[in-house]
Amino acid sequence: GENVEQHPSTLSVQEGDSAVIKCTYSDSASNYFPWYKQELGKRPQLIIDIRSNVGEKKDQRIAVTLNKTAKHFSLHITETQPEDSAVYFCAAKKAPGSARQLTFGSGTQLTVLP
Amino acid sequence: GAVVSQHPSWVICKSGTSVKIECRSLDFQATTMFWYRQFPKQSLMLMATSNEGSKATYEQGVEKDKFLINHASLTLSTLTVTSAHPEDSSFYICSASLTGAGYEQYFGPGTRLTVT
């Protein structure tokens, strides 16, 4: 089955700096890669996603890059703010198909220091 | 976007009792729902895939007789933790995708189970 590895497990940055979180996946058939932000006790919140026919996607301060050849994808957050502090998870899925499951990375605790 | 609800949001039960958690898709039909368990400071681990009108598919290591899943309609799946023990204390989250589309998954708010 699919295996998703995520690094780093913890990341501290100064407010205004950039943060980068990296993930690798094992199954070359995976073609949907979402990123989630989870605050303590809350549900995972989709912040950005990318499909395998695209190499990069940006939404304001958040961007995701995908390298299908190397089977890795990264989340980039620029101009970080204290409210960006949370746990971030990457995931991979063979899509489309509503019966297809997500495989999650282990998570990154991001702390933005004021 | 599509909305998934869970009930209850938190529950405390005594060891040996059973607890039922409901997951509902409020504004869409879901032939498949997923149940995850999340321990503190850990990732979401898929427990089982719930299929409407048929048996659930459990992940390796998940006891199907302990975690009973019923997906009786296109908008409701239930997870029953039977004979709960303290080690079953966790955050349980369900999710679903739009039937036929299947890219984005919509998550419920989660249920915090504490077994005393």
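Read-outs: derived from the displayed coordinates by stated rules, not from any lab. Bear in mind the structure is a predicted one, so any value in this text is a computation, not a measurement. For neighbour counting, all protein chains shown are included, and Cβ atoms are generated from backbone atoms with ideal geometry for every residue, glycine included.
Using the scaling law 2.2 N^0.38 Å as the reference, what is the normalised Cα Rg of region B:52-116?
On the way: Rg = 13.2 Å, N = 65, 2.2 N^0.38 = 10.7 Å.
Relative to the 2.2 N^0.38 Å estimate, region B:52-116 comes out at 1.23.
Counting only lysines at least 8 places from B:Lys14 when in the same chain, those with an alpha carbon closer than 26 Å to its own are A:Lys42, B:Lys41, B:Lys64, B:Lys66. Diagonalising the gyration tensor over the Cα atoms of chain A and scaling each eigenvalue by 5 before taking the square root yields semi-axes of 24, 15, 12 Å, largest first. Straight-distance candidates among the lysines for linking to A:Lys71, with alpha-carbon spacing under 24 Å and chain neighbours fewer than 8 residues away dropped: A:Lys22, A:Lys37, A:Lys57, A:Lys58, A:Lys93, A:Lys94. Placing unit charges on the Cβ atoms only, positive for Lys and Arg and negative for Asp and Glu, gives region A:38-88 a dipole magnitude near 320 debye about its Cα centre.
The amide H of B:Cys94, built 1.01 Å from its N in the peptide plane, has B:Tyr36, B:Gly108, B:Gly110 as neighbours under 5 Å, considering only residues 5 or more places off or on other chains.
Considering only the Cα atoms of the protein assembly as shown, their convex hull presents on average a projected area of 12.3 nm². Here the Karplus curve 6.51 cos²θ - 1.76 cosθ + 1.60, taken at θ = phi - 60°, turns the phi angles of region A:40-50 into couplings of 4, x, 10, 6, x, 10, 5, 10, 6, 9, 9 Hz, with x standing for Gly and Pro.
As an exercise, find the ratio Rg/Rh for region B:1-103 from alpha-carbon atoms, using the Kirkwood inverse-distance average for Rh.
Numbers: Rg = 13.3 Å, Rh = 14.0 Å.
Across region B:1-103, the Cα-based Rg/Rh ratio is 0.95.
Counting only residues at least eight positions apart within a chain, or on another chain, the aspartates and glutamates with an alpha carbon under 17 Å from that of A:Lys68 are A:Glu2, A:Glu5, A:Asp27, A:Asp49, A:Glu56. Residue-wise HN-Hα couplings along region A:55-68, as the Karplus relation 6.51 cos²θ - 1.76 cosθ + 1.60 with θ = phi - 60° gives them from phi, are x, 7, 9, 10, 9, 6, 8, 10, 9, 10, 10, 10, 10, 5 Hz; Gly and Pro carry x. Backbone phi angles across region B:8-18, fed through the Karplus curve with coefficients 6.51, -1.76 and 1.60 (θ = phi - 60°), yield HN-Hα couplings of x, 7, 8, 8, 10, 9, 8, 4, x, 8, 10 Hz in residue order; Gly and Pro are listed as x. Projecting label points 7 angstrom from Cα along Cα→Cβ for B:Arg112 and A:Asn67 puts them 4.1 nm apart.
Annotation: cysteines of chain B without a disulfide-compatible partner (Cβ-Cβ under 4.7 angstrom) are B:Cys13.
Normalised by 2.2 N^0.38 Å, where N is the number of residues, the alpha-carbon radius of gyration of region A:37-89 equals 1.23. How much FRET efficiency would the formula 1/(1 + (r/R0)^6) give for B:Ser83 and A:Ser12, where r is the Cβ-Cβ distance and R0 is 41 Å, rounded to 0.05? That gives a FRET efficiency of 0.45.
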